[in-house]
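Chemist: One structure coming up, written as structure tokens, with questions to follow.
The values are calculated or read from the model by the stated rules, or taken from the named source; none is laboratory data. Bear in mind that the values here come from a model prediction, so they are computed numbers and not experimental data. Glycine also receives a Cβ, built like all others from the backbone with ideal geometry; neighbour counts cover every protein chain displayed.
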Amino acid sequence: MSLLSVTILENGTTVFERRLEGPIEFGRQQAGEPKPISIFEHGSGCRLIIADETQRTIPRKACLIRVDGSRIQLENLHEQNDLMMVGRSDLQPREQCSSDTRACFRFPGGYTIQVTLDQGAVPTHVPDPRDTGYRTLASIPLIPVTGGQLAGDAEAESFSAIQTGPAKSFIQLLRAALEVVQLSAASNGFFESAVRAAATSIGLDRVLVFLQTEGDWQAVAEFAHGQLRPTEHRDWSHSLVRQMCEDRRTVVFDPSRGASRLTGASLAGIQSSVASPMFDEKANIVGMLYGERALTIANEAATISDVDATLFEVFTGAIAGGLARQRESTARGQLEQFFSGNVAEQLRTNPQLLAGQDVEVTVLFCDIRGFSTVTEQLGPRKTIEWINDVLTELSECVLKQDGVLVDYVGDELLAMWGAPGEQPDHAARALQAAIDMLAQARPLQEKWSSAVPWPFSFGIGISTGNARVGNTGSRVKFKYGPLGNTVNLGSRVQGTTKHFRVKCVATESTVAAAGQFDRARRLATVQLLGIDEPVRLYEVVSEVTDEWRDLQKHYVAALDEFESGQFSKAAASLGLLVNHYPDDGPTLQLLGRAVANHVNPPRDFSPVLRLFEK
């Protein structure tokens, strides 16, 4: 019966190693099963439980591995999600694939699973019948995982044969050198330090780092000494690199195996050469480390050995890890321009959250009042400084509440809560962000008082409801955000702040979803342009005082009188209220409606206020 060697790495650290009989099913913990990482045996095989039941990004039944003679059969058991593969394209839902003796795949959360068919010892190199001057290492080069760490069995497999004897101290020296290389990964001299360390530690005369750009190899760093000093341009073995790309493994050119030495003026004097591929997180070749050892009278037989090539391969993996960290840092910076740190971390661990979905969200539109006056007075350069500062402060209020910065349109900001990750309190978060924004008006006014002595404020509209959320941009420019009636409603609600002469208005759905929220005053039931159903609107204030509570109480009582058709009584109540609060926009607006209906009683009265302007 065939055995499968299974290794599980969590963020690059080995957390499980066992030899098991197939078939093996992989997945998340189900009811009645032990906690991860554990084996649950059943009649037809066994289940390897990767994660507990709370990690829902991993399916309960993710994939199945069987042994078919001398090959491994892998099946994606999920009906919707792809299975992330290493070294080949991802498996589509319910798709199967066949591998010779090895399979490597990943799950969200930093889990990498390596499965090898146990067929005894693996040779240190695989002879290539096409050209006996080349040999390919059997080990799989290291592939970066989350955080720029490395996954793969090259180190464990290749080092197992060289952990004793004189090589042991050399390996320890190399590992110390690798720490230096990895620590310098974010510096400008990253590649230079890497090629120098590789050349001096392994004893190569020339080492280069190449990156692949649009199918071409571009040398980004070179270190050479001895008779291979880079005093003039030297070529490199294109045939060696082609074979490296075909095999996707480290390849050595070794003329002692029967082939003639490398020829050509640019390659003259080369005894042996090695090329090792660098992979990205999806196992695509993105670069290579290339090395040469010179031919000398004293060194004529000193070709690049398997130990040399294995150590060279580990250096390649270290450089690939550094590149992965740089890419991750860049991606993190791009994500955190629009998402809070918490949300950005969710997206890094589960990129599928960015896929389109129908979900309940809360959207917030914030418009800067007085923008036109300010721009006319400040001029273009100073206006940009001012608007950047204002929008930055408003954006911080969004990110503080783990919101998504969807877009900036001129002097308006659009934010969203409820996606991409679950946020049961999305309405409360949006309301708190609005309150924080309103609190920024006075500090910003004081900060810019010398350049902007004219008053400016904000108009904020908030709406809660279902929306289609995903990439609302294009294949050319990505923009994550919502689409649908909820978004249109939020925009229209923001416009009503001008009509009611208040700073923030929210829909009833938002106030209700927020639960116990005591900073809202019911304003009216409004029919808005482009919105089919009338909606109840509420004013939201940043500060609750005794005066505001008194205003709220008497205004809502007068509103009830008006909506029940008691126009004379409502007008009298609102007249008294105006004497105490002469600057309250909603009171003045409702008083006008009450008086108009009292003077000219309507035949068919409707309390709905119709606003057909944006």
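Chemist: If you check Gly109, Gly87, Gly133, which single one turns out to be in the same structural domain as Asn11 (by TED's automatic domain parsing), modelled with pLDDT of 65 or more and crowded, with 17+ Cβ neighbours inside 10 Å? First the steps, then the outcome.
Modeler: Numbers: Gly109 fails: crowded, with 17+ Cβ neighbours inside 10 Å; Gly133 fails: in the same structural domain as Asn11 (by TED's automatic domain parsing).
Step by step, each of Gly109, Gly87, Gly133 is checked, and only Gly87 is in the same structural domain as Asn11 (by TED's automatic domain parsing), modelled with pLDDT of 65 or more and crowded, with 17+ Cβ neighbours inside 10 Å.
Chemist: Can you tell me which residue among Thr57, Thr14, Thr7 is touching a Ser or Thr at 6+ places or on another chain (Cβ under 9 Å) and in a loop (DSSP other than H, G, I, E, B)?
Modeler: Residue meeting the stated conditions: Thr57.
Chemist: Being charged (D, E, K, R) and either in contact (Cβ under 8 Å) with a residue 12 or more places away in the chain or under 17 Å from His499 (Cβ atoms) (or both) is the filter here, so list the residues in region 560-614 that pass it.
Modeler: Glu561, Glu563, Asp583, Asp584, Arg593, Arg610, Glu613, Lys614
Chemist: Also: Looking only at region 557-614, which residues are of a type in the set (Asp, Glu) and surrounded by 15 or more Cβ atoms within 10 Å (Cβ to Cβ)? Walk me through how you get there before you give the answer.
Modeler: So in region 557-614, the residues of a type in the set (Asp, Glu) come out as 560-561, 563, 583-584, 604, 613.
Those that are of a type in the set (Asp, Glu) and surrounded by 15 or more Cβ atoms within 10 Å (Cβ to Cβ): Glu561, Glu563, Asp584.
Chemist: Then there is this: Just give me the residues in region 378-389 being of a type outside the set (D, E, K, R) and exposed (fewer than 13 other Cβ atoms within 10 Å of the Cβ), in sequence order.
Modeler: Result: Gly379, Pro380, Ile384, Asn388.
Chemist: Which ones in region 440-463 are over 21 Å from Glu396 (Cα atoms) and buried (at least 18 other Cβ atoms within 10 Å of the Cβ)?
Modeler: Listed by number, the list holds a single entry, Val452.
Chemist: Only one of these is within 56 Å of the chain's Cα centre (by Cα) and not hydrophobic (A, V, I, L, M, F, W, C): Gln552, Gln566. Name it. Outline the logic, then answer.
Modeler: Values: Gln566 fails: within 56 Å of the chain's Cα centre (by Cα).
After ruling out the rest, the residue left standing is Gln552.
Chemist: Which condition does Pro127 not pass, out of (1) loosely packed, with under 13 Cβ neighbours inside 10 Å; (2) in the same structural domain as Gly317 (by TED's automatic domain parsing); (3) at pLDDT 60 or above, if it passes all the others?
Modeler: (3)
Chemist: Can I ask one more? Would you please name the residue that is farthest from Gly69 (Cα to Cα), looking only at residues in region 21-54 that are modelled with pLDDT under 85 and in a strand (DSSP E or B)?
Modeler: Selected residue: Phe40.
Chemist: A further question follows. Out of all the residues in region 76-86, which are within 15 Å of Ile65 (Cβ to Cβ) and in a loop (DSSP other than H, G, I, E, B)?
Modeler: Matches in region 76-86: Leu77, His78, Val86.
Chemist: Of everything in region 295-336, what is modelled with pLDDT of 80 or more and farther than 15 Å from Val195 by Cα? Give them in sequence order.
Modeler: Ile304, Ser305, Asp306, Val307, Thr310 - these are the residues of region 295-336 that are modelled with pLDDT of 80 or more and farther than 15 Å from Val195 by Cα.
Here is a yes/no grid of residues against (1) at pLDDT 90 or above; (2) polar (S, T, N, Q):
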{"residue": "Thr464", "(1), (2)": "yes, yes"}
{"residue": "Gly470", "(1), (2)": "no, no"}
{"residue": "Val493", "(1), (2)": "yes, no"}
{"residue": "Asp550", "(1), (2)": "yes, no"}
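Chemist: Residues Glu53, Glu75: which one is in the same structural domain as Thr7 (by TED's automatic domain parsing), free of Cβ contacts under 8 Å to residues at least 60 places away in the same chain, closer than 13 Å to Ser98 by Cα and touching a Lys or Arg at 6+ places or on another chain (Cβ under 8 Å)? Please lay out each step first, then the result.
Modeler: Working: Glu53 fails: closer than 13 Å to Ser98 by Cα.
Result: Glu75 is the single residue among Glu53, Glu75 that is in the same structural domain as Thr7 (by TED's automatic domain parsing), free of Cβ contacts under 8 Å to residues at least 60 places away in the same chain, closer than 13 Å to Ser98 by Cα and touching a Lys or Arg at 6+ places or on another chain (Cβ under 8 Å).
Chemist: Follow-up. Which residue out of Glu33, Glu17 is surrounded by 13 or more Cβ atoms within 10 Å (Cβ to Cβ) and acidic (Asp, Glu)? So that I can check it myself, show each step before the final result.
Modeler: Numbers: Glu17 fails: surrounded by 13 or more Cβ atoms within 10 Å (Cβ to Cβ).
Testing whether each residue is surrounded by 13 or more Cβ atoms within 10 Å (Cβ to Cβ) and acidic (Asp, Glu) leaves just Glu33.
Chemist: Find all pairs meeting these conditions: Cβ atoms under 7 angstrom apart; at least six residues apart or on different chains; first residue within region 25-38 and basic (Lys, Arg); second residue assigned to a strand (DSSP E or B) and buried (at least 17 other Cβ atoms within 10 Å of the Cβ).
Modeler: Arg28/Ile50; Arg28/Ala51
For (1) within 33 Å of the chain's Cα centre (by Cα); (2) in contact (Cβ under 8 Å) with a residue 60 or more places away in the chain; (3) not assigned by TED's automatic domain parsing to the domain that holds Val359, each residue gets a yes or a no:
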residue: Phe458; (1), (2), (3): yes, yes, no
residue: Ala467; (1), (2), (3): yes, yes, no
residue: Pro482; (1), (2), (3): yes, yes, no
residue: Ser491; (1), (2), (3): yes, yes, no
residue: His499; (1), (2), (3): no, yes, no
residue: Thr507; (1), (2), (3): yes, no, no
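Okay, residues lined up against (1) among the hydroxyl-bearing types (Ser, Thr, Tyr); (2) surrounded by fewer than 16 Cβ atoms within 10 Å (Cβ to Cβ):
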position: Tyr480; (1), (2): yes, no
position: Asn488; (1), (2): no, no
position: Gly515; (1), (2): no, yes
position: Thr525; (1), (2): yes, no
position: Tyr555; (1), (2): yes, no
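Chemist: Within region 352-377, can you find the residues that are outside any strand (DSSP E or B) and over 30 Å from Gln80 (Cβ atoms)?
Modeler: Within region 352-377, Gly370, Phe371, Ser372, Thr373, Val374, Thr375, Glu376, Gln377 meet the criteria.
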